[in-house]
Amino acid sequence: MKPDKIYKISRIGISFFLIFLVSCKTEKNAVIKNKSFVDKVYPQLDTDNSRWFFFSSASRPFGMVNLSPDTEINSDWGGGYKYTTDTIKGFSHIHEWQMSGVSVMPLTISTANKKSVFTDFYSKFSHENEKITPGYHFLFLDKYQITAELTSTKRVGFHRYTFPDNAQKAVLFNLNTILGPCDNTNGIIEKNSDYEFSGSLVLSTNFRRPKPLTVFFKIKFNAPIASIEHDSSTNNYLVNLNKADKTVLMKVGISYTSVENASNNMEQELPHWDFDKVVTDSKKEWNNLLGRIEVEGGTATDQRRFYTDLWHALQGRKMISDVNGAYPDNTGDKFRIGQLPLNKEGKPKFNQYNSDSFWGAQWTINTLWGLAYPEIMGEFVQSLMQYYKDGGMIPRGPSGGNDTFVMTGASTTPFIVSAIQKGIITEDLENIYTALKKNHMLNGIMGKAGYEHNTDSGGGLKYYINNGFVPYPIPEGEFGSHQDGASQTLEYAYQDWTLAQLAKKLKHDDDYNYFMARAKNFQNVFDKTTGWMRPKNVNGKWLENFDPYQYEHGFIESNGAQSTWFVPHDINGLVALMGGKEKAVEKLNSQFEEAQKLKFTSGTSHDAELHPEFSRIPINFGNQPSIQASFIFNFLGRPDLTQYWTRNVVKETFSGLSPSTGYNGDEDQGLMGSLNVLLKIGLFQMNGGTEANPEYQIGSPIFNKVSIQLNPDYYKGKKFVINANNNSASNIYIDAIKYNNLPVQNFHVSHQDITDGGELNLEMSSTPKR
């Protein structure tokens, strides 16, 4: 089938393709006149460096189903939809942190492939015959001459396949295979009627998620099922649809609790067969969220990249609860089905979520969600507290109903404290405080290194409490990942400071003083003789032959030069150790000058950080530990350098639209997308918004105007607007600031002022103001 005929198959496909062409047509049209923000998203961004949960197409915001094609299946990193691989290996429904599942493939059966269909079913495809927009994916399977279209609701995948004339039609269910981070095993199918069947499979364990999880599914076709064949060697199933029309529709409902709930999810979310309506509804849902932030000015590419960044900030972390509030609880010795609390209408008050780490969230989703999406932030706090109610601990990276203990520290503490300080969470504060404090004490999550499930020694918390620092190495041995004592000390000190702010709010004065004292422990790993943070052994002796540019020797996914600046709660204290602001400015500015030679990242992918040259970069915007660095200059009395370096980072590192680059490192689940949004609108929170009436640092927005719609359920104001007058690629410096016509002197504005609504007016200039 020729490409020009392929495009005629789908009205939706045609409209998306034409909009794509129009939006790419010219850079001169700086503001695309329509309000279809979703059409500016470029989903293929950085998909050469894909990760199992990185790419998204046929999904809803935070939906249980993340339906998309898989071109690589035998890995987590580099798995899923990898742009440079030209072979489709299936369409799977779950692309999530340490989870995968329910891979299907439409086929045509012929004499040539009848005997090999269970083992030789992959198909080539071409990006020339592909269209992708949030909520929709269209492509053409060359081997079978099948047009495949994908969309979804929150918990239901919806497929539309157009087969060639007179084809023997079938769908292969590849239920027993490796998919990304884990094996799919024990897959079974049971026919329920001529049009539907149900089944389940088990997600095998790995060292991150050591408990198995069952995925239940319900399948419905709009055509009769002729037969279901089972192959014992692969343990997969072939569903034959001989009498179907040329176009076949298939619905796949998912649940982690039961087939009945998978069926109910489908009945509640997708009772009809109108594929185009679901695509349209999905587009509206994405558009409403993306439209919370409207930007004007810049180039068309600037705008497209901005909404792609914002799209990334609103995905990745997925719900695991059903429509009725049932969810998998794996926190105990035995698996149980939990039930979320219901409101007066009998609907769940919130959803239960999976999530990769909140490590680095203090500089990303804390600020973005807290300002533009407070309802999302609030729901995630409630979900984290549900884990505490079930298992006695607030997790830092739950998957499959239990914590994976990804990364280190108590990274959810700043997230939750920020939500409280911004007035998003107002109830049950004492119980929340108790839960957070537990994580900061012995036998809490701070004692656990990365993926340390059965012990709590790798975090070195007892040494941190008793000696004021985490030693490197920990003398008892290896217990988990990231046992890097200097970084752990810095991380714990910051997180202790954030908990102290909540203690102060709740008038727990003794706790406030205790955690504020611990928050000064960063001083214990600063070596004044070298001017760097430096690891110590258990006896307090500095690491010998110390090289501040050596990667991960005492520092987590970073080096000493990068991590030296990880004191977001007490920059003045850090500056005093360095000998004053002038020396600190000189030091940090020279690090940026050196980092610019490598475009501010350790190569173009996360694994490139191990490269002997790239790993020695002094500032790295490809991973979380130093992404705050450009805004430190605001605190050093040099806002002009914040403006200069932030603009350069955006220009050289985060401006392109290409499958080969985009985030140049570890995007995780929307963290780097969120960072990009904040850098580009010129707002940042150094301590993660955890102080009373949190402050936003003012940077240099790349757009002439930014309008943020404020949620009236949480905030008094209707809109917060940033006007950057005389803004351009050369006018990057701020000459004067007014908020609601009153002068702003110190390059920051409070959360209360912003959420009361108003206009921040920046007068831009090509000359730095000192």
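Bear in mind these aren't lab numbers, they're just calculated from the coordinates by the rules spelled out. It should be emphasised that the depicted structure is a prediction, and the values quoted were computed from it without experimental measurement. All Cβ positions, even for glycine, are placed from backbone atoms using ideal geometry, and neighbour counts span all protein chains on display.
Structure summary
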item: Potential extension, Thr530-Asn545 segment - 0.36 nm per residue separation minus Cα distance; result: 4.2 nm
item: Dipole axis of the stretch 511-621 (+1 Lys, Arg; -1 Asp, Glu on Cβ), positive-most option in Gln596, His569, Gly580; result: Gly580
item: Theoretical gain in end-to-end length, Glu586 to Gln145 [0.36 nm per residue, Cα-Cα removed]; result: 152.6 nm
item: Relative contact order (percent, whole number), the stretch 40-281, Cα cutoff 8 Å, 6+ residue spacing; result: 18
item: Other-chain or far-sequence residues with amide H under 5 Å of Gly101's (modelled H); result: His93, Ile94
item: Label-point gap, in nm, between Tyr122 and Ser232 - each point 7 angstrom along Cα→Cβ; result: 2.8
item: Value of [θ]222 nm, deg cm²/dmol, for the chain, DSSP H segments ≥ 4, -39500 (n - 2.57) each, nearest 500; result: -8000 deg cm²/dmol
item: For the chain, alpha-carbon Rg relative to the globular expectation (2.2 N^0.38 Å, N residues); result: 0.95
item: Positive-pole candidate from Ala410, Gly338, Tyr463, dipole of the chain, charges at beta carbon; result: Gly338
item: Calculated FRET value between Asn740 and Ser658, using beta carbons and R₀ = 51 Å, to 0.05; result: 0.80
item: Cross-link pairs Lys114/Lys218; Lys334/Lys504; Lys504/Lys738; Lys536/Lys651 - those with Cα-Cα distance over 28 Å; result: Lys334/Lys504; Lys504/Lys738; Lys536/Lys651
item: Among Ser200, Trp52, Pro712 - extreme Cα towards positive end, dipole of the chain, charges at beta-carbon; result: Pro712
item: Net charge dipole size for the stretch 40-281 [Lys, Arg +1 and Asp, Glu -1 on Cβ; Debye, nearest 20]; result: 200
item: Per residue convex hull volume, Cα atoms of the stretch 469-522, in Å³; result: 81
item: Listed residue pairs exceeding 30 Å between alpha carbons, taken from Lys35/Lys718; Lys40/Lys82; Lys437/Lys680; Lys284/Lys716; Lys283/Lys318; Lys284/Lys505; result: Lys437/Lys680; Lys284/Lys505
item: Check: the chain dipole with +1 on Lys, Arg Cβ and -1 on Asp, Glu Cβ, in debye; result: 1300
item: J(HN,Hα) series, the stretch 693-705, from Karplus relation 6.51 cos²θ - 1.76 cosθ + 1.60, nearest Hz, glycine and proline x; result: 6, x, 9, 10, 6, 9, x, 10, x, 8, 9, 6, 8
item: Restricting the stretch 182-284 to chymotrypsin sites (Phe, Trp or Tyr not before Pro) in coil, as DSSP defines it, with at most 15 other Cβ within 10 Å; result: Tyr195, Phe207, Trp273
item: Mean Cα-pair separation over length for the chain, i.e. relative contact order, pairs under 8 Å, 6 or more apart, %; result: 11
item: Given charges at beta-carbon only (K, R positive; D, E negative), |dipole| of the stretch 622-697 in Debye; result: 260
item: Gap separating the Cα centres of the stretch 747-765 and the stretch 388-459, nearest whole Å; result: 33
item: Distance in nm between pseudo-label sites at Thr426 and Ser110 (7 Å out along the Cβ direction from Cα); result: 6.6
item: Residue-by-residue Karplus 3J(HN,Hα) for the stretch 74-79, coefficients 6.51, -1.76, 1.60, Hz, glycine and proline x; result: 9, 5, 8, 6, x, x
item: Exceeding the 30 Å Cα-Cα cut-off - candidates Lys448/Lys583; Lys507/Lys719; Lys124/Lys251; Lys520/Lys583; result: Lys448/Lys583; Lys507/Lys719
item: Length gained when the stretch Asn166-Asp274 is fully extended (0.36 nm per residue, less Cα-Cα span); result: 36.5 nm
item: Computed Rg/Rh of the stretch 570-679, alpha carbon atoms with Kirkwood Rh; result: 0.98
item: Relative contact order of the stretch 662-770, pairs being alpha-carbon contacts under 8 Å that are 6 or more residues apart, as %; result: 26
